[in-house]
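The values are calculated or read from the model by the stated rules, or taken from the named source; none is laboratory data. Quick caveat, the model's predicted, so the values are computed rather than measured. A quick note on method: Cβ atoms are made from the backbone with ideal geometry, for glycine too, and the neighbour counts reach across all protein chains shown.
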Amino acid sequence: MRAVRFHLSSGELQVEEMPIPEPGPLDVLVKVDACGICLSDVHLIDRSIPAVIPDVTPGHETAGTIARKGAFVEGWNEGDRVVLAAGRTCMTCARCRAGRLEECLAPQIMGFMYDGAWAEYVLAPFYTLSAVPDNVPMEQAAIVADAVSTPFAALSDRAALRPGESVGLWGIGGLGTHAVQIARLLGAGLIVAVDPLESARKRALSLGADIAVDPATEDVSSARGSCLAHARSRCSVTSATGSSTSTICYRWFREGGWICRDRSATWCRSKGSQTVCAAYRRRKAIRFGSS
Ligand SMILES: [Zn+2]
Ligand SMILES: [Zn+2]
């Protein structure tokens, strides 16, 4: 099969012939119909995100059709249309052994820690599959794996956004675009979108944001005031690590409210502190007021 391979030693990305992988007993072999290009893929290639293994097939936003399945896989059949989770659990840590797979202590990211789907075929454990309805185009289903599910989890689960609550969304790119729409669907009150790009701000307004501000030139404190004037304020950050928009976001909310960040890191509120469970297994805690 053909696969796009990234080689850390040369920094090159090239199409190569690879053997079609053999599914293990709990795996399925998926014929890839569509795979997104995530900004984290770009960062892997430009080396701003460190590579985990020296040679890898990128791609973690994948939809396809089951071509073969392992001997112990039940409930799925060849020809089923599926979308793949963007990662898999380690199956060896204490939480995995306790059956709490969604709380795995060492999750593995597809396309970084094992081969992804910029290829004709890809392997996936059966428990990472979700069915794709016939009326959903595969190229739309593919981005559900990250660009849609990540902001959905940030808003509905981590931030537990409730109807009527205001929300600030920092960074209206690939994830933030969906965050605006998801926040509206979840019944958010005021939606404040923050992005330095005019095109992104216009897109946010067209998709349901109430206010779109430029963190570089506008008086963002008035937007913050509008946001915090509501009974409860929440914040979901989807922009890249260390960006100016993130920095402003942290400054805004250190006096109150709280930040939920779901991308390369996850922020959890706990007794007045925000714990950062960053990718690459770094951990630190940052205190944000008394919220
Ligand atoms: Zn991604
Ligand atoms: Zn685990």
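Determine, yes or no, whether residue 67 is within 19 Å of residue 21 (Cβ to Cβ), within 16 Å of ligand 2 (Cβ to nearest atom), in contact with an Asp or Glu (Cβ under 7 Å, 6 or more places away or on another chain) and in the same structural domain as residue 16 (by TED's automatic domain parsing).
It is false that residue 67 is within 19 Å of residue 21 (Cβ to Cβ), within 16 Å of ligand 2 (Cβ to nearest atom), in contact with an Asp or Glu (Cβ under 7 Å, 6 or more places away or on another chain) and in the same structural domain as residue 16 (by TED's automatic domain parsing).
So which of 70, 75, 64 ends up being touching a Gly at 6+ places or on another chain (Cβ under 9 Å) and under 23 Å from residue 131 (Cβ atoms)? I'd like the intermediate steps shown before the answer.
Details: 75 fails: touching a Gly at 6+ places or on another chain (Cβ under 9 Å); 64 fails: touching a Gly at 6+ places or on another chain (Cβ under 9 Å).
On inspection, the qualifying residue turns out to be 70.
From the residues in the stretch 82-108 that are assigned to a strand (DSSP E or B) and surrounded by 18 or more Cβ atoms within 10 Å (Cβ to Cβ), which one is nearest to ligand 1 (Cβ to nearest atom)?
That would be 87.
Would you point out which residue out of 50, 58 is assigned to a loop (DSSP other than H, G, I, E, B) and crowded, with 19+ Cβ neighbours inside 10 Å?
58
Which pairs have Cβ atoms under 7 Å, sit 6 or more apart or on different chains, and link a residue in the stretch 72-96 that is among the aromatic types (Phe, Trp, Tyr) to one that is part of a loop (DSSP other than H, G, I, E, B) and within 16 Å of ligand 1 (Cβ to nearest atom)?
none
Checking residue 149 against (1) more than 23 Å from residue 26 (Cβ to Cβ); (2) within 13 Å of ligand 1 (Cβ to nearest atom); (3) hydroxyl-bearing (Ser, Thr, Tyr), which test does it fail?
Looking at each condition in turn, residue 149 falls short on (1).
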